[in-house]
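Down below is the structure, laid out as structure tokens.
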Amino acid sequence: MHLKSAALWLLLNQAQVSCANPLQLEKRALATSDPFYPSPWMDPEAIGWEEAYQKAKDFVSQLTLLEKVNLTTGTGWETEQCVGNVGAIPRLGLRSLCMHDSPVGVRGADYSSVFPSGQTTAATWSRSLFYKRGFAMGEEAKGKGVNVLLGPVAGPLGRAPAAGRNWEGFSPDPVLTGAGVAESSKGIQDAGVVACVKHFIGNEQEHFRVAGEAKDYGFSISESLSSNIDDKTMHELYLWPFADAVRAGVGSVMCSYQQINNSYGCQNSKLMNNLLKNELGFQGFVMSDWQAQHTGAASAAAGLDMSMPGDTAFNTGRSYWGANLTAAVLNGTVPEWRVDDMAMRIMAAIFKVGQPVKQDPINFSFWSQAAFGPVHWRAKQGYQQINGHVDVRGNHGTLIREVAAKGTVLLKNSNGILPLRNPKFVVAVGEDAGPNPLGPNSCGDRGCNAGTLALGWGSGTANFPYLVTPDAALQARAIRDGTRYESILSNYATSQIQSLVSQDNVTAIVFVNSDSGESYINVEGNMGDRNNLTLWKNGDDLIKTVAARCSNTIVVIHSPGPVIVTDWYTNPNITAIIWAGFPGQESGNSIVDILYGDSSPGRSPFSWGATRESYGVDVMYKPNNGQDAPQQDFSEGNFIDYRYFDKANSSLIYEFGYGLSYTTFDYGNLKVQKENVSTYQATSGVTAAAPTFGNMSRNPGSYLLPNDFQPVYLYVYSYLNSTDLKAASTDRDFGKTAAEFLPHGANDGSGQPLLRSAGKHSPGGNAQLYENMYTITADITNTGRIAGDEIPQLYVSLGGPTDPRIVLRGFDRLHIEPGKTVQFKASLTRRDLSNWDPAIQDWVVSSYPKTVYVGRSSRKLELSAKLT
Ligand code: NOJ
């Protein structure tokens, strides 16, 4: 068969779905994804993985094929205690490994913490807080028996501000997100849990991520949305933070639901084989998002290593892998080295973070908080203790409060109205200041917006052990200070609000919000993605009502990104505006810390436009390709967020990197030191041939379900049910030879050429990309009267006609005492100064003149120098 592209080939070979309508294929030329085979195998000399490789080799060499397949395939939805588990290897004492959400805490568990969202954390611009939060979350996951924590998030990056899950990630800037995911991964893994950076890649909106879900919002499509991303944009924007996570040693990557250039994320060989495993030299394992797998042998060949949660659709009891993978290896469709490599990658990640073969038990169940219950939840089998109610919180509340406060952004502060100094009478207004009357955890996966909003909704959540409301914290502070305090926790009690805030001496603090989340929950008509960027629950009117009667109105916004403030932000009665993101369990305490000046605020990790349209790109809410896969062309290229506003030369309300401080800073003494770097050498050479580990029986009889074995209902096993491999398989195309079934080269286990941009044993890509070409320093002086944190930002203009005006390349958070000067220091690596050249497939420093800037935001660039 002549294959025009693997993407089309894979599309036509979907196990579940019909082919795309040929008329529509004719109608528009669909973006395609190039094939890249075979799937790269682990490198025993990869830096940081050497010891883990040897341990994995010792372990995997002892395994039977069935045991290797067990490691690769989930046991099915609700069949074990975590959101995903793989098969155990009891013979060697390895229990079922637990893959579990979320990027803010242990999802569904009790006695664990809710951390601030990734986006709020990004607003601290503090690498050390990124790390500490990751470490604390890793400790909690470990304490519950989680082996792989499903976070941090680098996709969505934040292409469209309304996209539902932006808050789970960090920032639409790849450098800030790269630092976020790298430090979080290091923290999580130093605490002994494998991190899983997700969703790889282009998962930039909720609508149409899963074709089946679209029915819930009224559309019938046969295939999921395709994010069509060109090679340059892929490298310079979306892949960038994943490269940072790989370089930091992340142990796993989750491939995404939607298609990329018309090939599903979890069977896209260009992405997994080429970009991730070859170019970036990723040594860990790729797991599918939950039911993002659509093929068996094809996804194995394309680089998928673990099927999650293992069943074809929730609770079918069938799997693309499991017994099908056993059969596919036995009949030669999937080479033995490929399944060995999957097992190696999974176990190497486990050993890399210091986990032993004999693991502590999993001591909670995602499916129930009761102490006793069925360990196999769906089957209601195996009654035992499933929840030890183990308290894993330690003193993380203190860190959560600190991160949330330092990630709160002061957007407006007229006449130094903040910080509050012994105010006479504080009035809090709005539902968002108070509790959810039904309790903070009353809606599953936080799928409602009631009371103060401290988290969005979806799988990226956890149960609150408590939630300090702004009302409770403000009142406590008022009592301590002898301040008079009242609150009205409603957005609609207009006359009561009017009469209260009209009194003398009132400092009115209005709490408003906007919510978003994951598309399997509909909250007030929002299918994950926000329907608009305006405030929910009459928020704008509430603000105007208060500001009309009170000349000292402070607005606090809890939201998953920018909201439209255009109507009221210049109102002189609105003296201060604060963005408090999604702060997690210490919400009230952290906002009090900022309002009263006990902590220093952060800077906005995204831009605030005057209108929704001003962002240039948006979520696609209606399919644009008939019933076939909606086509989302990322034709804006690199130009999202500030890069777009700069290109359009449009004004902003608050720019990327902006935020006020309670003190003042001067910038000076910019110095650029050129470092001696070697000339860039393209990587060359060939890998060793694909190894296999241990001996495998070729006799199908040795893979049968043992006679005395009692299978758990709906549980996915790797056993065959017949020695007739065709009968044992549930694969419709079973029995085709590898050559007929898989794209050219998929089964080639001979040594493979290294890509020129790839690292030689160095995860993250060619090591020279990370060489320091320039060291930049500047002096930052606190010219005010109180100590405070300044966040100097380093931007570069790459100078080419198609380059953004500036791109962020460095930042730091510096605590500076009044009158003192602290040096800001950052380096510019070769990658920082390069563009991706699609023709030569490598990073290249162009000859265009380059300028560095150091400033306090993307539009306040006080210092600059030309690079020579
Ligand atoms: C789907 C989500 O996209 C992913 O982020 C999550 O980890 C899995 N579900 C498991 O809950």
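Are any residues in the range 32-91 β-branched (Val, Ile, Thr) and either over 27 Å from the mean Cα position of the chain (by Cα) or buried (at least 24 other Cβ atoms within 10 Å of the Cβ) (or both), and if so, which ones?
Result: 60, 64, 69, 72, 73, 75, 79, 86, 89.
Looking at the structure I just gave you, is residue 216 closer than 19 Å to residue 562 by Cα, of a type in the set (Asp, Glu) and either in contact with a Lys or Arg (Cβ under 9 Å, 6 or more places away or on another chain) or within 16 Å of the ligand (Cβ to nearest atom) (or both)?
For residue 216, the condition - closer than 19 Å to residue 562 by Cα, of a type in the set (Asp, Glu) and either in contact with a Lys or Arg (Cβ under 9 Å, 6 or more places away or on another chain) or within 16 Å of the ligand (Cβ to nearest atom) (or both) - is not met.
Say whether the condition of being of a type in the set (Ser, Thr, Tyr), surrounded by fewer than 24 Cβ atoms within 10 Å (Cβ to Cβ), at negative phi and without any contact (Cβ under 8 Å) to a residue 12 or more places away in the chain is met by at least one residue in the range 582-601.
no
Could we say that residue 248 is closer than 12 Å to residue 40 by Cα and not assigned by TED's automatic domain parsing to the domain that holds residue 769 here? Walk me through how you get there before you give the answer.
Working: closer than 12 Å to residue 40 by Cα: no; not assigned by TED's automatic domain parsing to the domain that holds residue 769: yes.
In short, no.
Just checking, which of 757, 702, 722 is part of a loop (DSSP other than H, G, I, E, B) and more than 37 Å from the chain's Cα centre (by Cα)? Full working, then the answer.
Working: 757 fails: more than 37 Å from the chain's Cα centre (by Cα); 702 fails: part of a loop (DSSP other than H, G, I, E, B).
Going through 757, 702, 722 in turn, the sole match is 722.
Among the residues of the range 123-149, which ones are over 19 Å from residue 360 (Cβ atoms) and of a type outside the set (S, T, N, Q)? Can you show your working first?
Initially, the range 123-149 is screened for residues over 19 Å from residue 360 (Cβ atoms), giving 123-134.
Hits for the range 123-149 are 123, 125, 127, 129, 130, 131, 132, 133, 134.
Quick test for you: out of 534, 507, 553, 469, pick the one residue that is more than 16 Å from the ligand (Cβ to nearest atom) and surrounded by fewer than 22 Cβ atoms within 10 Å (Cβ to Cβ).
None of the others qualify; the one that does is 534.
Quick one: how many residues across the range 163-186 are more than 16 Å from the ligand (Cβ to nearest atom), over 17 Å from residue 604 (Cβ atoms) and among the aliphatic types (A, V, I, L, M)?
1
Give 156, 103 a once-over and let me know the one that is more than 18 Å from residue 308 (Cβ to Cβ), within 13 Å of the ligand (Cβ to nearest atom) and surrounded by 24 or more Cβ atoms within 10 Å (Cβ to Cβ).
Unique residue meeting the criteria: 156.
Only one of 191, 179, 136 is among the hydrophobic types (A, V, I, L, M, F, W, C), modelled with pLDDT of 95 or more and surrounded by fewer than 22 Cβ atoms within 10 Å (Cβ to Cβ); which?
Matching residue, one of 191, 179, 136: 191.
In the range 804-828, what residues are farther than 21 Å from residue 786 by Cβ and surrounded by 19 or more Cβ atoms within 10 Å (Cβ to Cβ)?
Across the range 804-828, the qualifying residues are 804, 806, 807, 808, 809, 810, 811, 826, 828.
Being in contact (Cβ under 8 Å) with a residue 24 or more places away in the chain and either over 19 Å from residue 53 (Cβ atoms) or outside any loop (DSSP other than H, G, I, E, B) (or both) is the filter here; which residues of the range 686-698 pass it?
Of everything in the range 686-698, those that are in contact (Cβ under 8 Å) with a residue 24 or more places away in the chain and either over 19 Å from residue 53 (Cβ atoms) or outside any loop (DSSP other than H, G, I, E, B) (or both) turn out to be 686, 696, 697, 698.
Would you confirm whether any residue within the range 551-574 is assigned to a helix (DSSP H, G or I) and in contact with a Pro (Cβ under 9 Å, 6 or more places away or on another chain)? Talk me through it step by step, then tell me what you get.
Quick first cut of the range 551-574, residues assigned to a helix (DSSP H, G or I) only: none.
No, because not a single residue in the range 551-574 is assigned to a helix (DSSP H, G or I) and in contact with a Pro (Cβ under 9 Å, 6 or more places away or on another chain).
Would the range 376-396 turn up any residue that is outside any helix (DSSP H, G or I), within 16 Å of the ligand (Cβ to nearest atom) and either outside the structural domain of residue 574 (by TED's automatic domain parsing) or buried (at least 21 other Cβ atoms within 10 Å of the Cβ) (or both)?
Checked against the condition, which is being outside any helix (DSSP H, G or I), within 16 Å of the ligand (Cβ to nearest atom) and either outside the structural domain of residue 574 (by TED's automatic domain parsing) or buried (at least 21 other Cβ atoms within 10 Å of the Cβ) (or both), the range 376-396 yields at least one hit.
Of the residues 547, 576, only one is in contact (Cβ under 8 Å) with a residue 24 or more places away in the chain and crowded, with 24+ Cβ neighbours inside 10 Å; which? It would help to see each step written out before you state the result.
On the way: 547 fails: crowded, with 24+ Cβ neighbours inside 10 Å.
Exactly one residue qualifies, and that residue is 576.
If I go through the range 187-203 residue by residue, how many of them are of a type outside the set (A, V, I, L, M, F, W, C), within 23 Å of residue 304 (Cα to Cα) and either part of a helix (DSSP H, G or I) or more than 13 Å from the ligand (Cβ to nearest atom) (or both)?
Residues flagged as of a type outside the set (A, V, I, L, M, F, W, C), within 23 Å of residue 304 (Cα to Cα) and either part of a helix (DSSP H, G or I) or more than 13 Å from the ligand (Cβ to nearest atom) (or both) within the range 187-203 amount to 2.
Quick check on the range 116-125: of everything there that is in contact with an Asp or Glu (Cβ under 9 Å, 6 or more places away or on another chain) and not hydroxyl-bearing (Ser, Thr, Tyr), which residue is nearest to residue 600 (Cα to Cα)?
Ranking the qualifying residues of the range 116-125, first place goes to 125.
If you check residue 529 against the conditions, is it within 17 Å of residue 451 (Cα to Cα) and touching a His at 6+ places or on another chain (Cβ under 9 Å)?
no
Which ranges mark the helices (runs of 4 or more DSSP H) fully within the range 252-368 that have 3 or more residues being more than 16 Å from the ligand (Cβ to nearest atom), of a type outside the set (A, V, I, L, M, F, W, C) and closer than 23 Å to residue 185 by Cβ?
Qualifying helices (runs of 4 or more DSSP H): 336-352.
When residue 770 is evaluated against the numbered criteria (1) under 26 Å from residue 124 (Cβ atoms); (2) out of contact with any helix residue (DSSP H, G or I) (no Cβ under 8 Å at 6 or more places or on another chain); (3) of a type in the set (Ser, Thr, Tyr), which criterion, by number, is the only one it fails?
The one condition residue 770 does not meet is (2).
Looking at (1) at negative phi; (2) buried (at least 23 other Cβ atoms within 10 Å of the Cβ), which is the only condition residue 303 fails?
(1)
Residues that are touching a helix residue (DSSP H, G or I) at 6+ places or on another chain (Cβ under 7 Å), touching a residue at least 24 places away in the same chain (Cβ under 8 Å) and closer than 30 Å to residue 811 by Cα: find the helices (runs of 4 or more DSSP H) completely inside the range 59-149 holding 2 or more of those.
In the range 59-149, the matching helices (runs of 4 or more DSSP H) lie at 118-122, 127-144.
Being small (Gly, Ala, Ser), touching a strand residue (DSSP E or B) at 6+ places or on another chain (Cβ under 8 Å) and closer than 30 Å to residue 36 by Cβ is the filter here, so list the residues in the range 826-856 that pass it.
Once the filter is applied, which keeps residues that are small (Gly, Ala, Ser), touching a strand residue (DSSP E or B) at 6+ places or on another chain (Cβ under 8 Å) and closer than 30 Å to residue 36 by Cβ, the range 826-856 yields 834, 846.
The values are calculated or read from the model by the stated rules, or taken from the named source; none is laboratory data. Computed from a predicted model, the values in this text were never measured in an experiment. Every residue, glycine among them, receives a Cβ derived from its backbone with ideal geometry; neighbour counts consider all protein chains shown.
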